[in-house]
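Structure first, commentary second.
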Amino acid sequence: MTRIILHCDLDCFFAAVEIRDNPQYKNKPVIIGADPKEGKGRGVVSTCSYEARKFGLHSGMPISQAYLRCPHGIYLRPNFKKYTEASQLVMQVLKKYAKEFQQMGNDEAYLDLTDSCLNYDEAKENALQIQREISENIGITISIGIAPTKSLAKIASDCNKPNGITLFKPEEFKDLLKDMDITRIPGIGKKSKGYFYKKGIKKIGDILDISISKMINLFGEHGKWIWKIVNGFDNRKVKEFQEERKSISKERTFFENTDDFHDILSRLGEINEKIHTTVIKHHIAYRTVSLKIRFEGYLTYTRAKTLPFHIQDKNRVMEIILELFREFSRKLKKVRLVGIRLSNLERNYKVRQTSLLSFACIP
Ligand code: TTP
Ligand code: MG
């Protein structure tokens, strides 16, 4: 049976809450993040209003660069307490609409309306009602995608932001997808798109035109999953509770084995950054930090440190990694691969990242 899945995603969430509370900022470029200090500030943009996005600003951009592009913007430090309250109110509204509900991070959720709606048009009525209720009760806007699978609903919710509703009906979604760039697919980012572009896969239609076995030949397991997403074969259920993740890890193999200490450290730094984008987005705290190191000849070691309490602290992780690395720094062999794993995880909406703490006004 065809399913009816909704993906709901708040529009420029942190900025929307600030604009709600300061109506004089309406229709202005509002940027939430570090203090720009007239272009000399450190740190990044957390999010920004759609007016600011017209100047090329986006989440994760260095605040100094944002200031260069938009010096007349309204720059605000984040107020997490306010955003957590708004998020909780939004989730209470969304939960009412479906038995199967799954919150993702602080501003997204999936709902399964298969049992409560007869068809997609009825689901759209529900989506409109959700938008009205959130706008009236919480004072911010939300975009909603409606599709037969979770991944298609996620692509759909991003198609008409802000305050949009996008339907991918089962008989229409391939036609709607075919001209879109592949970076619309969750899991293909600005960096990984290069691998696909090189093989001539640029538009989603290029994937729809080839067989699953060709995709596996070209891109392995990742290719298989991407093929399934765009063809509507994502059977993942909308669950009330998130499946517990046991750990988060990332590793990188060097193009050429190296014993250059700076090379190794800078690679570990990159891995740490990457892991923390996931960690922050999903509000994850951890107690155990592990370092993995593989030398030429494949001899592999892991070393771990478990802390007395959960943290979400990028700088502390790097310190621990350095501590764990010290044991290996006198090894004469060259290094082939390094990796970081965070485990003993806990989902916690109140965790703060130190780099955020460093600019946020938290009591
Ligand atoms: P997103 O949903 O990724 O972004 P958004 O809601 O601001 O914008 P959009 O309209 O495109 O959905 O993230 C939700 C909130 O999480 C965002 O308002 C701020 C925070 N956030 C960060 O602090 N850092 C980040 O790098 C990202 C991506 C989000
Ligand atoms: Mg959002």
Checked segment 297-329 for anything open to solvent by less than 70 Å² (accessible area, probe 1.4 Å) and either part of a strand (DSSP E or B) or of a type in the set (D, E, K, R) (or both); matches are 300, 301, 304, 305, 307, 310, 311, 313, 314, 316
Selection status of residue 206, at pLDDT 95 or above and open to solvent by 90 Å² or more (accessible area, probe 1.4 Å): no
Considering only segment 20-34, I want to know if a residue exists there that is under 23 Å from the mean Cα position of the chain (by Cα) and among the acidic types (Asp, Glu). no
Taking strands (runs of 3 or more DSSP E) that do not extend beyond segment 1-83, which have at least 2 residues that are within 14 Å of ligand 2 (Cβ to nearest atom) and open to solvent by less than 70 Å² (accessible area, probe 1.4 Å)? 5-10, 45-48
For segment 68-93, which residues satisfy the criterion of being under 25 Å from residue 137 (Cβ atoms) and of a type outside the set (A, V, I, L, M)? 78, 79, 80, 81, 82, 83, 84, 85, 87, 88, 92
I need the full set of residues from segment 129-140 which are of a type outside the set (Gly, Ala, Ser) and surrounded by fewer than 18 Cβ atoms within 10 Å (Cβ to Cβ), in order please. 129, 132, 133, 136, 137
Do you know which residues across segment 102-118 are open to solvent by less than 10 Å² (accessible area, probe 1.4 Å), assigned to a strand (DSSP E or B) and more than 16 Å from ligand 1 (Cβ to nearest atom)? 111
Would you mind telling me which numbered condition in (1) away from ligand 1 (no atom under 16 Å from the Cβ); (2) acidic (Asp, Glu); (3) under 24 Å from residue 45 (Cβ atoms) residue 125 fails? (3)
Within segment 284-324, restricting to residues that are small (Gly, Ala, Ser) and under 26 Å from the mean Cα position of the chain (by Cα), the one that is modelled with the lowest pLDDT is 285
Regarding residue 160, is this residue open to solvent by 60 Å² or more (accessible area, probe 1.4 Å) and under 29 Å from residue 20 (Cβ atoms)? yes
Over segment 181-228, the set of residues in a loop (DSSP other than H, G, I, E, B), among the basic types (Lys, Arg) and either over 24 Å from residue 161 (Cβ atoms) or in contact with a Cys (Cβ under 8 Å, 6 or more places away or on another chain) (or both) is 199
Residues 148, 162: which one is away from ligand 1 (no atom under 15 Å from the Cβ) and at pLDDT 95 or above? 148
Reported set for segment 153-181 where residues are in contact (Cβ under 8 Å) with a residue 40 or more places away in the chain and over 18 Å from residue 113 (Cβ atoms) is 158, 161, 162, 163, 174, 177
Cβ-Cβ under 8 Å pairs, at least 6 apart or on other chains, segment 20-47 side in the same structural domain as residue 76 (by TED's automatic domain parsing) and within 15 Å of ligand 1 (Cβ to nearest atom), far side open to solvent by 90 Å² or more (accessible area, probe 1.4 Å) and among the basic types (Lys, Arg): 29/54; 34/42
Condition first: farther than 16 Å from residue 339 by Cβ and in contact with a Phe, Trp or Tyr (Cβ under 6 Å, 6 or more places away or on another chain). Can you find one or more residues in segment 280-303 that meet it? yes
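The values are calculated or read from the model by the stated rules, or taken from the named source; none is laboratory data. What you see is a predicted model, and the numbers here were worked out from it, not measured in a lab. Cβ atoms come from the backbone with ideal geometry, glycine included; neighbour counts cover every protein chain shown. Accessible surface is based on the protein model in full, side chains and every heavy atom, while ligands, DNA and RNA are left aside. Shrake-Rupley method; radii C 1.70, N 1.55, O 1.52, S 1.80 Å.
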